[in-house]
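Inspection log for the structure reproduced underneath, given as structure tokens.
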Amino acid sequence: FVSVCGDLIRGLDGCLTNERRRAEIADFLTRWNRFFEHYGQEGLSPEKQRGLYGELWWLRRMINANINHSAIVNSWKGSKRSYHDFELGSNVVEVKTTMTKEPRSVLINNERQLNEHALNSLHLFVLTLRKIDEGSDTLPGIIESIRNSFAGKPSEYSFEHALMDAGYIDIHAYIYKSSYSVIKEDFFHVQEGFPRIIDAPQGIGDLHYSVVLAACEEFRCDIDTYMQNIGV
């Protein structure tokens, strides 16, 4: 109740006309209906917590690369349950988080996730984590660091809405106590020859498969160089 009311107050605070207030209330009702429909009242599962942590890790990397903040938030499509996690123009990044041991692998959820057709570029970012007993690198911790970067800027409010679209609200922060240590970052250019399934045979549906990272070495590329290119 507190989260819902707080969101409504923040949304209406800057509305100066009745038309804008009506539009904000309509957005508010749609937003919270979508939240309860997808996530309920129990918070995110451990798997979804790690997935969100990985997406926020990549988002924070873009912030540190001095990419426009509004462009960063608008590029975050994973929070809206899109096929890809980040779309900056036609440059797409799919983010995966894993805690598997060697040989490390990631789960691909459908045949479209690694299909670069009609895109300028498609990359796969894999964040390998280890759960630790205590530390500051928690889901609420990374969210707080990003909020500090956006504080007082137009992207601040958009980020809060994107967080909610991803299933995160502050009232559940006390549940998310898991701390993580980042073991490795892997970044691959998905193109011809990359191990993937992009054409499902007729009659095949609900396609899921794993990609072993050791088989992707020839497609490895540098994150900093990529950030420089998309930040132009």
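The values are calculated or read from the model by the stated rules, or taken from the named source; none is laboratory data. Quantities reported herein were computed from a predicted structural model and do not represent experimental measurements. Positions of Cβ are generated from backbone atoms using ideal geometry, with glycine treated the same way; all protein chains shown enter the neighbour counts. Note: areas computed on protein heavy atoms with side chains; ligands, DNA, RNA excluded. Shrake-Rupley method; radii C 1.70, N 1.55, O 1.52, S 1.80 Å.
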- State, in angstrom, two size descriptors of the chain derived from its alpha carbons: Rg to one decimal place and Dmax to the nearest whole number. 18.6, 58
- Query: Ile67: accessible area at probe 1.4 Å, nearest 10 Å²?
  - Reply: 10 Å²
- Extreme residue, positive dipole direction of region 91-232, given options His117, Tyr176, Asn229 (C-beta unit charges): Tyr176
- Given a cut-off of under 8 Å on Cα pairs at least six residues apart, what relative contact order in percent is computed for the chain? 24 percent
- Query: With +1 on each Lys and Arg Cβ and -1 on each Asp and Glu Cβ, how big is the dipole of the chain about its Cα centre, in debye rounded to the nearest 20?
  - Reply: 340 debye
- Tally of Lys pairs whose C-alpha atoms are under 21 Å apart, taken over the chain, 8 or more apart or cross-chain: 17
- Item | Protection proxy ranking of 50-60, 162-172 - average other beta-carbon atoms within 10 Å, highest first | 50-60, 162-172
